[in-house]
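Working notes for the structure below.
The values are calculated or read from the model by the stated rules, or taken from the named source; none is laboratory data. Just so you know, these numbers come straight off a predicted model, no measurement behind them. No Cβ is skipped: glycine too gets one built from the backbone with ideal geometry, and neighbour counts run over all protein chains shown.
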Amino acid sequence: MYPSEFEYHRAASIKEAIGLIQRYGEDAKLLSGGHSLLPILKMRLAQPRHLVDIARIAELGQVTEQGGRIVVGAAARHHQVHTSELIRSKLGLLAECAGNIGDVQVRNRGTIGGSLAHSDPAADYPAAVLALEGEVRLEGPAGARSVKASDFFVDLMTTAIQPGEILTAVSFAPLPAGAGYAYLKHRQPASGFAMVGVAALLTLDQGGKCQGARVGITGLGAKAFRAAAVESAINGKAPDGKALADAAAHAADGVDPLGDIHASPDFRAELARVYTRRALEAAAARARR
Amino acid sequence: MAVIPKFVGERIKRREDPRLIQGQATYADDVRLTGMLTAVILRSPHAHAKINSVDLTAARKAPGVVCVLAGEDVRDSIATLPCVAPAERIPFHPTLAVGKVRYVGEPVAVAVAADAYRAQDALDLVEVDYDPLDAVVDPEKAIVDGAPILHEEFGTNVALNMSVPSPAMDEAMRNADKVVRFRIVNQRLAPIPMEPRGVVAQWNPGQRHLTVWSSTQIPHMLRSRLAEMLKLGENRIRVIAPEVGGGFGCKLNVYGEEALVAHLSMRLGRPVKWIERRRENIAGTTHGRDQITYLEVPIKNDGTVLGIKGRFICDMGAYLQLLTPAVPGFSALMMTGCYKIPAISFEQVMAFTNKIATDAYRGAGRPEACYIAERVMDVVAGELGLDPAEVRRRNFIPKSAFPATTAAGLVYDSGDYEQALDKALAMVDYKTLRAEQDAARKQGRYIGIGLASYVEICGIGPSAMLPPKVQGWESATVRVEPDSRVTVLTGVSPHGQGQETTFAQLVADALGIDIDDVSVIHGDTAIVQYGVGTFGSRATALGGTALMMAVGKLQEKLKKIASTMMEAPPDQLVFNQRTIALASDISKSIPLQQVVTAAYDFKQPIPGMEPGLDATSFFEPTGCTFPFGTHVAVVEIDPETGVVKFLRYVAVDDCGKIISPLLVEGQIHGGIAQGIAQALYEEVVYDESGQLVTATLMDYAVPRAEMLPHYELASTVTPSPLNPLGVKGVGEAGTIGSTPCVVNAVLDALRPLGVKQIDMPLKPEKIWRAIKAAHKG
């Protein structure tokens, strides 16, 4: 419960942070909100010699609109994402998801970049970022690159981030006009993490049929994923109860569900189906033709 | 001058709170002494293992380290940890493991350094060579032949096997129309006080005097046991319970760390601090509950319960802590609840397992008992197709029967169980509610109504009823200072209960002074006369009575002095608005200060009277108090997810007379929260190999506000005849009534499906599975 000794570096810029990471290599860890890292340090499960604090790099904490996309800096706190006017008006699903993370204290400290980079299988954000088809910006000594959310989450707590790279932002196209969305989760009672979390997004065409449905699911498997079978089952259908339920029945298709003391694989799969249906229902109810 | 109001019975805010919420309280970790060192403890990663060797060589060379010790280094200096409750087999309980470890989290070594980081660095260098052994975590498996044995010297894992048969039970079985049989489990819970444990010790070699600050509920008892463990005179030890951030029973104990930190200070001649971390708290501080009960209940077809027969398997954990084997006794004695059940018999098998010891946890034996009694009532109602409220009513001990002697031999002081039930039923409009439930069921909704009529036992006494070295009395000293302000020294040791407020209310009213004229001191054995402590909802019933006895002595003395000054007989004088006045005409008075000054300055001595205004009383009760009440929960189950949603939560509690309504409500709120937590959320889980799975608050589900209902509270007032205040106790009531009430509500919701039993905690998955199985079946 007492971390081993480390040297603390507060980076003033992304460039400086990249330089520090490059200099110390595997001896360094990035510190942002600290919500995943600090418990690991306290248990001495990780004993990095250097912590590079990127939470106070001004540009990382901003939410801006650039070239028609909304860019959320990696160090934006959950509370900030939840309450940002820009995000609320153009990326309501992300704001709703952020407001469902942990509790007030967690939301005041935790950052979106930290959550995505840590890629806990039960984290909330990945579901919404997948459904919103976000693009993760990674910057390293070789420059910057963009990775689609669908390529970013690789496996259990494993992402596309390469050694030396820093996740600096995640960007999104604004929601289409009239889009309906919902993020619903079944909370793990102790941690508040998602036993299952479903982010659903859809629009309705002139005839009132679903189109462009996108469903991101977290908590169920080793990593968050897009429920393609659900999406294809609902697109082109009127969002009546049966159609949504039939589509949601595919929520756990092809996924190897996690099991622990809080929920068995069977139950998680069932929760995924139920919450997917409910999220689709809520999204459909909010969608405008 | 402003008129001083009356305080007893008024909704006044806790006087403790401003310092607590402004960071001005002094907890153990706030004690900072010159030259102080910090100790960190290495704990066993194994549930059961032989220790071949402990190599401290490298650890002792670590930078900044002053001392590293393991079991062999202290076993001759510190005696076994005490268990004062009777048991057939009480094992040697070392402060640091010797030869073997028996649970995950058992202390193995300690490092002392300038700070905790250096100490932890040193511990990382300790090399312990373990031979892992098979572990046993299930108490039912621990007591069968061939189970791994924890304490080889006993050749068995049975700490105590107690059988209390009853001829009345045989008769009840013969006369029964039916015998209902079922098994219930009170799962293992972790108390999780907001502040974990913490100890600071300072040995003064010149004075040969030890001061120990410990986050404890029992400073005096701790001093007595430390004196034995460390072989010091009690007059050489001062124990201070500084601000204590909750205990819930887990600090009603004597822990190895308390003796170890004291020993380290004596050994090193420097102050030493140890602060428990949350992971240590969950692994290494006593747990509660963990009882399995097989019940046989002979009944008549009209719902009359003729007896309750229980076979208990009680999980002691690896060692016996202070009162470990005493806790289950209350479960058996109280399992007939508030019902006139003529026969009781029980067997209790207390088993050693590779887990931390169990001991008192809020309710300590009575929540388990109430869970039995209140499940019995609902099971009987279900079996006979009767209304659960009606079954309770038919079995209640009637108001006219008090004081009532139960089949277990307890004497219930006072009660009116039907009144509390009626009030609770009226609050929920029970008839309409049942009709709404029927209508909802027809729509496919699962609404459940759960009742629990509880009775519990508080202020346990007389002393002969308690184990050796634990007393039933309580003490108080009251001092009117020369400026007529009052100091109270109470033997209880509040750690959230608020006696700094309630005791000041009592004294202020008794002496006609303002509440701010009274200060209440507790938790320091060098200042306060010997006391017993705070546990078992005893502080106000016993400590408050001792306080009023001491106040009475001072009232008498003050009146006697005033009588000489006013030329009126003492029995015609009253305390009013900082004066002593004629009862018949309070305008005829003299200032209290004048009388106090006379007592201290003593210029006109009164024959036979000593100077000063200081009185001490010890109150030994003649019996226990028995608070009671009825809780009603209305829940709705989401059949797709098994999630339980509260629609209503009504609690009618009777704790006798109420001194401080706001504090009573606070106690009930917190109690209900913890009781609901047992019903729905909390469970300590060890896996088969004895690893603690719920090792952090990321997995051990202490409820958040959003997981709890809005409470609708009401009370009835049935004074206790056993103390002059008429109070009973309220610290545990909420915990005791709420657990069965919520379980009954959930099972009532599932009744149409034929679901009869789900073991706590009623997690969504268990409910979902029960529903699924019912649909299949």
Do any residues in the range A:223-235 that are without any contact (Cβ under 8 Å) to a residue 24 or more places away in the chain have Cβ atoms under 7 Å from those of residues that are crowded, with 19+ Cβ neighbours inside 10 Å, where the two are at least six apart or on different chains, and which pairs are they?
-> A:GLU231/A:ALA213; A:GLU231/A:ARG214; A:GLU231/A:VAL215; A:ALA233/A:ALA247; A:ALA233/A:HIS250
State yes or no: is A:SER13 at pLDDT 95 or above and among the polar types (S, T, N, Q)?
-> yes
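For every residue, the table says whether it meets (1) buried (at least 23 other Cβ atoms within 10 Å of the Cβ); (2) closer than 24 Å to B:ALA679 by Cβ.
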| residue | (1), (2) |
| --- | --- |
| B:GLY337 | yes, yes |
| B:GLY385 | no, no |
| B:SER400 | no, no |
| B:ALA424 | yes, yes |
| B:LEU433 | no, yes |
| B:ALA440 | no, yes |
Restricting to the range B:346-356, what's the tally of residues that are small (Gly, Ala, Ser) and either free of Cβ contacts under 8 Å to residues at least 24 places away in the same chain or surrounded by fewer than 24 Cβ atoms within 10 Å (Cβ to Cβ) (or both)?
-> 0
Candidate set from the range B:560-585 (those that are farther than 22 Å from B:GLY608 by Cα and within 44 Å of the chain's Cα centre (by Cα)); member that is surrounded by the fewest Cβ atoms within 10 Å (Cβ to Cβ) | B:ALA583
Okay, strands (runs of 3 or more DSSP E) sitting entirely in the range A:1-80 with 1 or more residues that are over 21 Å from the mean Cα position of the chain (by Cα) and closer than 24 Å to B:ALA116 by Cα, I get A:7-10, A:28-31, A:50-53
Among what's in the range B:753-767 and is in a helix (DSSP H, G or I) and within 33 Å of the chain's Cα centre (by Cα), pick the residue that is nearest to the other protein chains (Cβ to nearest Cβ).
-> B:GLU765
Subset of the range A:21-47 (residues that are within 14 Å of chain B (Cβ to nearest Cβ) and among the β-branched types (Val, Ile, Thr)) = A:ILE40
Give the residue, chosen from B:LYS588, B:LYS557, that is surrounded by fewer than 16 Cβ atoms within 10 Å (Cβ to Cβ) and either among the charged types (D, E, K, R) or closer than 30 Å to B:CYS458 by Cβ (or both).
-> B:LYS588
With respect to the numbered conditions (1) in a loop (DSSP other than H, G, I, E, B); (2) among the small types (Gly, Ala, Ser); (3) out of contact with any Phe, Trp or Tyr (no Cβ under 9 Å at 6 or more places or on another chain), which one is the sole condition not fulfilled by B:GLY329?
-> (1)
What pairs come up if the first residue lies in the range A:1-20 and is more than 14 Å from chain B (Cβ to nearest Cβ), the second is surrounded by 15 or more Cβ atoms within 10 Å (Cβ to Cβ) and of a type in the set (Lys, Arg), and their beta carbons are under 8 Å apart, counting only those six or more places apart or on different chains?
-> none
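Do we have B:VAL702 as within 12 Å of chain A (Cβ to nearest Cβ) and without any contact (Cβ under 8 Å) to a residue 24 or more places away in the chain here? First the steps, then the outcome.
Working: within 12 Å of chain A (Cβ to nearest Cβ): yes; without any contact (Cβ under 8 Å) to a residue 24 or more places away in the chain: no.
Criteria not met by B:VAL702.
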Please go through the range B:585-625 and pick out each residue that is under 30 Å from B:ASP378 (Cα atoms) and either of a type in the set (D, E, K, R) or assigned to a loop (DSSP other than H, G, I, E, B) (or both).
-> B:CYS624
Only residues in the range A:259-270 that are within 7 Å of another protein chain (Cβ to nearest Cβ) count as the first member; pair them with residues that are hydrophobic (A, V, I, L, M, F, W, C) and part of a loop (DSSP other than H, G, I, E, B), Cβ under 7 angstrom, at least 6 apart or cross-chain, and list the lot.
-> A:ILE261/B:VAL685; A:ILE261/B:VAL693
Exclusive hit being surrounded by fewer than 22 Cβ atoms within 10 Å (Cβ to Cβ) and either under 18 Å from B:ALA360 (Cα atoms) or touching an Asp or Glu at 6+ places or on another chain (Cβ under 9 Å) (or both), set B:ILE237, B:ILE184, B:ILE218 | B:ILE184
Any chance the range B:626-647 includes a residue that's in a strand (DSSP E or B) and of a type in the set (S, T, N, Q)?
-> yes
Failed criterion for B:PRO740 (all others in (1) out of contact with any helix residue (DSSP H, G or I) (no Cβ under 6 Å at 6 or more places or on another chain); (2) surrounded by 16 or more Cβ atoms within 10 Å (Cβ to Cβ) hold) | (1)
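Can B:ASN281 be described as polar (S, T, N, Q) and either crowded, with 24+ Cβ neighbours inside 10 Å or at positive phi (or both)?
no
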Hey, among B:GLY666, B:GLY726, which residue is at negative phi and modelled with pLDDT of 95 or more?
-> B:GLY666
Can you tell which of A:ASP253, A:ASP260, A:ASP266 is assigned to a helix (DSSP H, G or I) and either charged (D, E, K, R) or at pLDDT 95 or above (or both)?
-> A:ASP266
Which strands (runs of 3 or more DSSP E) does the range B:266-319 wholly contain that include 2 or more residues that are within 14 Å of chain A (Cβ to nearest Cβ) and either within 28 Å of B:PRO45 (Cα to Cα) or touching a strand residue (DSSP E or B) at 6+ places or on another chain (Cβ under 7 Å) (or both)?
-> B:272-275
Within the range B:656-693, tally of residues that are within 14 Å of another protein chain (Cβ to nearest Cβ), farther than 20 Å from B:TYR454 by Cα, in contact with a strand residue (DSSP E or B) (Cβ under 8 Å, 6 or more places away or on another chain) and not hydroxyl-bearing (Ser, Thr, Tyr) | 6
Report the residue count in the range A:176-200 for those that are in contact with a helix residue (DSSP H, G or I) (Cβ under 9 Å, 6 or more places away or on another chain), facing another protein chain (nearest Cβ under 9 Å) and in a loop (DSSP other than H, G, I, E, B).
-> 2
Single unsatisfied condition, B:HIS710 versus (1) farther than 14 Å from B:THR630 by Cα; (2) in a helix (DSSP H, G or I); (3) of a type outside the set (A, V, I, L, M) = (2)
Of all residues in the range B:720-752, which are under 22 Å from A:ASP266 (Cβ atoms) and assigned to a loop (DSSP other than H, G, I, E, B)?
-> B:LEU750
A:HIS50 being more than 14 Å from every other protein chain (Cβ to nearest Cβ) and farther than 30 Å from A:PRO174 by Cβ | yes
When (1) touching a Gly at 6+ places or on another chain (Cβ under 8 Å); (2) in a loop (DSSP other than H, G, I, E, B); (3) not polar (S, T, N, Q) are applied to B:GLU152, the one that fails is (1)
Report yes if A:ARG56 is charged (D, E, K, R), loosely packed, with under 15 Cβ neighbours inside 10 Å, on the phi < 0 side of the Ramachandran plot and within 14 Å of another protein chain (Cβ to nearest Cβ), otherwise no.
-> no
